[in-house]
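The block underneath contains the structure these notes are about, expressed in structure tokens.
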Ligand SMILES: Nc1ncnc2c1ncn2[C@@H]1O[C@H](COP(=O)(O)OP(=O)(O)OP(=O)(O)O)[C@@H](O)[C@H]1O
Ligand SMILES: [Mg+2]
């Protein structure tokens with residue numbers, strides 16, 4: 001859980017290559033309950049190709065639940081998730097990589113006992129065809145795949161400036177670096193859709209600025225579409241092309257940063273006075 005941190009960020013600067021064609025992700029009437037708690041209540045969302053779409057809202061608003069529905073961890077009680085041309089009642093987690101989706105988690109999900117390089121290579125584990133036995137026997141197919149995976153991981157590591165720590169165990173590294181390792185692991189398979197749950201939370205202001213720049217550069221360099229959850233309004237306003245606002249499981253606004261910033265329902269539910277005078281951080 002994180003409060004709305006003051007301080008700001010990156011503007012979705014310059015040319016935004018948002019594609020007006022078919023959305024990469026469409027949600028139709030998604031509802032989800034846990035016992036008596038309604039986590040999501042009739043959510044519609046369309047995310048265009050090349051977009052950076054932020055999901056914001058108070059703690060418990062349903063933001064992580066929404067990403068968990070898109071990545072198949074949760075099965076919605078109602079509604080449809082469309083990824084590209086495929087429509088799902090329940091997104092199959094086993095096919096997530098095949099449908100071009102990768103994600104990071106609000107609480108890091110890395111293997112502490114593995115090196116940075118091996119953690120990043122784990123991002124390709126679902127894409128590799130040679131089974132376990134072939135990998136153990138080191139057949140030519142398994143060796144080719146291993147070399148390809150290593151090359152892709154090295155590329156992601158270089159992209160995220162992790163070269164100096166690539167042979168270190170993840171367990172010993174600072175939180176800000178681990179956030180970058182998670183991003184590298186999500187990027188390595190070149191997903192069409194990247195879901196980031198609080199990728200900038202819990203790091204210093206300087207690291208936050210770097211991470212925000214990495215997220216924006218990742219969209220361009222990896223030609224992907226990004227849905228991210230973030231509490232720092234300055235970051236969100238600067239980094240996102242569009243912002244959807246959740247409150248008590250409902251979407252109360254969806255628009256450009258300027259539209260959302262001046263939306264009275266959003267101000268009442270979330271922005272309040274806490275963000276008055278907050279400036280955007282320029283990356
Ligand atoms: N696995 C679960 N079991 C029971 N309740 C859950 C579960 N996951 C989420 N919830 C409930 O659903 C609601 C939405 O939670 P969610 O984690 O999606 O919120 P969030 O917007 O991500 O909040 P935060 O900003 O604190 O991360 C909350 O009331 C939460 O307690
Ligand atoms: Mg959350």
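Brief remarks on what is shown
- Filtering the stretch 16-29 for residues that are farther than 25 Å from residue 220 by Cβ, in a strand (DSSP E or B), out of contact with any strand residue (DSSP E or B) (no Cβ under 7 Å at 6 or more places or on another chain) and modelled with pLDDT of 95 or more leaves an empty set.
- If the condition is being part of a loop (DSSP other than H, G, I, E, B) and farther than 17 Å from residue 220 by Cβ, then the stretch 232-249 contributes 232, 248, 249.
- Residue match in the stretch 114-134 (condition: part of a loop (DSSP other than H, G, I, E, B) and at pLDDT 80 or above): yes
- Residue satisfying all of: in the stretch 59-81; over 17 Å from the mean Cα position of the chain (by Cα) and more than 16 Å from ligand 2 (Cβ to nearest atom); surrounded by the most Cβ atoms within 10 Å (Cβ to Cβ) among these: 76
- Candidate set from the stretch 55-82 (those that are closer than 12 Å to residue 33 by Cβ and in contact with a helix residue (DSSP H, G or I) (Cβ under 6 Å, 6 or more places away or on another chain)); member that is farthest from ligand 1 (Cβ to nearest atom): 76
- Exactly one residue out of 216, 180 is touching a residue at least 40 places away in the same chain (Cβ under 8 Å) and either buried (at least 19 other Cβ atoms within 10 Å of the Cβ) or assigned to a helix (DSSP H, G or I) (or both): that is 216.
- Test: residue in the stretch 77-96 that is farther than 13 Å from residue 196 by Cβ, assigned to a helix (DSSP H, G or I) and modelled with pLDDT of 95 or more: no
- Pair list, Cβ < 8 Å and 6+ apart or interchain, from the stretch 53-70 residues that are free of Cβ contacts under 8 Å to residues at least 12 places away in the same chain to residues that are within 6 Å of ligand 1 (Cβ to nearest atom) and assigned to a strand (DSSP E or B): none
The values are calculated or read from the model by the stated rules, or taken from the named source; none is laboratory data. Treat the numbers as computed from the prediction; the structure is a model and nothing was measured. A quick note on method: Cβ atoms are made from the backbone with ideal geometry, for glycine too, and the neighbour counts reach across all protein chains shown.
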